[in-house]
Amino acid sequence: MHHKSDDLIRVMRKKGFLTSHAVENAIRETPRHFFVPENHLDEAYEDRPIETKKLQTISQPSVVARMTEWLDVKPGLKILEIGAGSGWQSAILARLVSLETVYSIERHSELVEFAKSNHRKAQIKNVKIIHGDGTLGLAEMAPFDRIIITAACEKVPEPLFDQLTNGGLLIAPVGKNLQTVVLYRKKDNKISEEKIEYGYAFIPLIGKFGYAE
Ligand code: SAH
């Protein structure tokens, strides 16, 4: 398995989606085969998204790498993810924050269980998966230094900007059919765009401050 994961890392580096050694190590230490459904195991190290349960997906590795790098994660930062899915993204974040807890909200209870059992397999202990509507954020644990939305939204749900620390970063795919990944920074309680990149395809963010069911 190990050389397969090295091949994937090489592909992502070649595409320019992976430049940081910290992120590379976190990905290498979080084998993707623990997070893909059994019937897709042979595709675990291809740079493609994979359908999980309920027609949801585990994101494409190079997209996970790109978003993780832009989020500038350091040990000790408090992170909220919207859309736990397979749990792979939150597991990578969990490595990067070291001992801090990562919070991840998922709307499908079946996927909450899937992510939790994948974390057990991969021996990830510092992620807390919460079943609920992530467009509301997680007020009781706010504020967060970093927020990552892993589903497509028309605009970032307002509660998530409210729950971001001053100086904090939020990354989200914004748009309908194809999305622009946008990195936002909150400074002096104002939100500004830091970086944008067009051409991503995520599944929709469904909830009170997202798309209708
Ligand atoms: N980050 C995941 C991939 C996410 S796919 C991984 O690492 O595998 C997007 C996920 O967002 C899906 O699992 C979907 O069920 C979830 N989702 C969509 N709208 C949501 C909402 N309002 N709150 C929480 N999760 C949501």
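Under a 5 Å amide H to amide H cut-off, with H placed in plane at 1.01 Å, what residues pair with LEU164 once short-range neighbours are removed?
Excluding prolines and chain starts, which carry no amide H, the hits are PHE144.
So how far, in whole Å, is the C-alpha centre of region 89-133 from the one of region 13-53?
16 Å
Using θ = phi - 60° and the Karplus form 6.51 cos²θ - 1.76 cosθ + 1.60, what ³J(HN,Hα) does each residue of region 196-203 get, whole Hz, x for Gly and Pro?
Using θ = phi - 60°, the values come out as 9, 8, 8, x, 9, 10, 9, 7 Hz.
Go ahead and estimate [θ] at 222 nm for the chain from helices alone: -39,500 (n - 2.57) per DSSP H run with n ≥ 4, summed, over the residue count, rounded to 500. Present the calculation step by step, with values, prior to reporting the outcome.
Numbers: 6 runs with 59 residues, N = 213.
Dividing the helical sum by the residues of the chain leaves -8000 deg cm²/dmol.
Classify the chain as rounded, prolate or oblate, taking a ≥ b ≥ c as the square roots of the eigenvalues of its Cα gyration tensor: rounded when a/c is under 1.5, otherwise prolate if a/b is larger than b/c and oblate if not.
Note, shape of the chain comes out rounded.
With a Förster radius of 45 Å, plug the Cβ-Cβ distance of GLU113 and LYS14 into 1/(1 + (r/R0)^6) and report the FRET value to the nearest 0.05. If you can, show how the numbers build up before the last one.
Working: r = 36 Å, r/R0 = 0.79.
Efficiency at R0 = 45 Å is approximately 0.80.
What is the extension gain from ARG120 to LYS74, computed as 0.36 nm multiplied by their sequence separation minus the C-alpha to C-alpha distance, in nm to one decimal? Intermediate results must be reported in sequence, preceding the final value.
On the way: separation 46, 0.36 × 46 = 16.56 nm, distance 2.31 nm.
Length difference between fully extended and current span is 14.2 nm.
Tell me which residues come under 5 Å, amide H to amide H, from GLU194 once H is placed; ignore anything under 5 positions away on its chain.
Amide H to amide H, under 5 Å and 5 or more residues apart or across chains, GLU194 pairs with LEU183, TYR184, ARG185.
To the nearest 20 Debye, how big is the dipole of region 1-153 about its Cα centre, given +1 on the beta carbon of each Lys and Arg and -1 on that of each Asp and Glu?
Details: 21 positive and 20 negative charges, 50 e Å.
So the dipole magnitude of region 1-153 works out to roughly 240 debye.
With the chain treated as a Gaussian network of Cα nodes joined by springs under 10 Å, which of HIS119, HIS108, HIS40 yields the largest mean-square fluctuation?
HIS40
Exactly which trypsin sites (Lys or Arg not before Pro) in region 15-63 are in a DSSP loop and have at most 15 other Cβ atoms within 10 Å? Spell out each step's value before the answer.
On the way: sites: LYS15, ARG28, ARG32, LYS53, LYS54; in loops: LYS15, LYS53, LYS54.
Within region 15-63, the qualifying trypsin sites (Lys or Arg not before Pro) (loop, at most 15 other Cβ atoms within 10 Å) are LYS15, LYS53, LYS54.
Restricting to region 70-213, compute how many DSSP beta bridges are antiparallel as a %, nearest 5. Before the final figure, lay out the partial values.
Details: 15 of 35 bridges.
So the antiparallel bridges amount to about 45 percent of the total.
Can you compute the modelled spin-label distance between LYS176 and HIS131, with each label point 7 Å from Cα toward Cβ, in nm?
With each label point 7 Å from Cα toward Cβ, the separation is 3.3 nm.
Quick one: which of LYS4/LYS53; LYS78/LYS186; LYS116/LYS186; LYS155/LYS186 span more than 20 angstrom between C-alpha atoms? Walk me through the numbers before you get to the answer.
Numbers: LYS4/LYS53 24 Å; LYS78/LYS186 15 Å; LYS116/LYS186 31 Å; LYS155/LYS186 16 Å.
Those over the limit are LYS4/LYS53; LYS116/LYS186.
Each reported figure results from applying straightforward, stated rules to the coordinates on display, with no laboratory input. Keep in mind it's a predicted model, so treat the numbers as computed, not measured. Quick reminder, even Gly has a Cβ in these numbers, built from the backbone with ideal geometry, and neighbours come from all protein chains shown.
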